[in-house]
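Enquirer: Starting off with a structure, shown below.
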Amino acid sequence: MKHIPQEERKAETKKKLVDSAMTLFSAKGYYQTNSKEIAENAGLAVGSFYRHFADKRDILKFILSSYINDAFSDDEAREININESNRKDIFRKLLRRGFELHRFTPGFYQQVTLLSATDEEIGSVFHEYKNAMFARIKELIMASAPNLSQESCEITCTILYAAIEGTIHAVKFSPTVLDETPYIDQLSDLFDAYLASVRDI
């Protein structure tokens with residue numbers, strides 16, 4: 001039998017627990033799931049759960065932080081020169097990341113959103129997402145419209161962030177299944193048209 005290094009086994013166990021938690025949180029909801037169920041669904045003893053996480057809140061925080069880090073760790077907007085020819089594509093990719101981060105079921109997302117208002121650590125993870133998205137939007141605006149005043153830039157960022165979140169929620173949490181692509185395309189067109197109108201201000 002092939003020997004698996006201890007660190008590799010630990011990483012594999014942790015992944016099983018995270019995958020199990022995501023499955024149960026999405027299917028049953030956060031409040032309806034407990035640590036024992038997460039371990040059993042992963043095919044592990046409950047002791048394995050507590051060797052990696054303090055409780056279900058701890059694994060939830062890990063999941064949310066991991067999603068955000070993965071979404072923004074390879075940000076192309078910081079690696080290439082933003083210009084008129086590529087800014088819309090960069091913005092479109094940013095929108096797709098936003099949609100990807102909202103892959104949770106509506107019920108679970110609603111529970112976590114409410115939890116973020118009462119739990120400081122969970123709330124800080126949500127704030128981390130907002131800051132990351134806001135920073136990327138601001139980079140695109142400043143690179144495309146360098147003469148825009150600081151106040152106008154902040155206002156534009158706020159409006160665009162609200163538009164992004166509103167669009168994502170409308171699509172993801174619609175009672176009927178909606179194709180996100182036309183929404184991403186339309187919002188990208190609006191973003192590009194706005195920057196074209198203010199670039200010389």
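The values are calculated or read from the model by the stated rules, or taken from the named source; none is laboratory data. This is a predicted model, so every value here is computed, not measured. For neighbour counting, all protein chains shown are included, and Cβ atoms are generated from backbone atoms with ideal geometry for every residue, glycine included.
Enquirer: Mind checking which residues of the range 154-201 are outside any helix (DSSP H, G or I) and of a type in the set (D, E, K, R)?
Expert: If the condition is that a residue be outside any helix (DSSP H, G or I) and of a type in the set (D, E, K, R), then 179, 180, 199, 200 are the ones that fit.
Enquirer: Out of curiosity, is residue 53 modelled with pLDDT under 90 and surrounded by 13 or more Cβ atoms within 10 Å (Cβ to Cβ)?
Expert: For residue 53, the condition - modelled with pLDDT under 90 and surrounded by 13 or more Cβ atoms within 10 Å (Cβ to Cβ) - is not met.
Enquirer: Which number in (1) under 19 Å from residue 119 (Cβ atoms); (2) touching a Phe, Trp or Tyr at 6+ places or on another chain (Cβ under 9 Å); (3) surrounded by fewer than 20 Cβ atoms within 10 Å (Cβ to Cβ) marks the one condition that residue 58 misses?
Expert: Here residue 58 clears every test but (2).
Enquirer: Hey, can you tell me all the residues within the range 94-104 that are assigned to a helix (DSSP H, G or I) and buried (at least 16 other Cβ atoms within 10 Å of the Cβ)?
Expert: Within the range 94-104, 94, 95, 97, 98, 99, 101 qualify.
Enquirer: Within the range 50-70, which residues are in contact (Cβ under 8 Å) with a residue 40 or more places away in the chain and closer than 21 Å to residue 103 by Cα?
Expert: Passing the criteria: 57, 59, 60, 61, 62, 63, 64, 65, 66, 68.
Enquirer: Quick check: is even one residue across the range 171-183 in contact (Cβ under 8 Å) with a residue 12 or more places away in the chain and in contact with a Leu (Cβ under 6 Å, 6 or more places away or on another chain)?
Expert: Yes, there is a match, as at least one residue in the range 171-183 is in contact (Cβ under 8 Å) with a residue 12 or more places away in the chain and in contact with a Leu (Cβ under 6 Å, 6 or more places away or on another chain).
Enquirer: Within the range 169-201, which residues are closer than 20 Å to residue 132 by Cα and at pLDDT 90 or above?
Expert: Answer for the range 169-201, where residues must be closer than 20 Å to residue 132 by Cα and at pLDDT 90 or above: 184, 187, 188.
Enquirer: Being out of contact with any strand residue (DSSP E or B) (no Cβ under 7 Å at 6 or more places or on another chain) and without any contact (Cβ under 8 Å) to a residue 12 or more places away in the chain narrows it down to one of 47, 29, so name that one.
Expert: After applying the criteria, what remains is 47.
Enquirer: Scan the range 105-143 for residues that are in contact (Cβ under 8 Å) with a residue 12 or more places away in the chain, more than 13 Å from the chain's Cα centre (by Cα), closer than 15 Å to residue 61 by Cα and surrounded by fewer than 15 Cβ atoms within 10 Å (Cβ to Cβ) and report the count.
Expert: Total meeting the criteria: 1.
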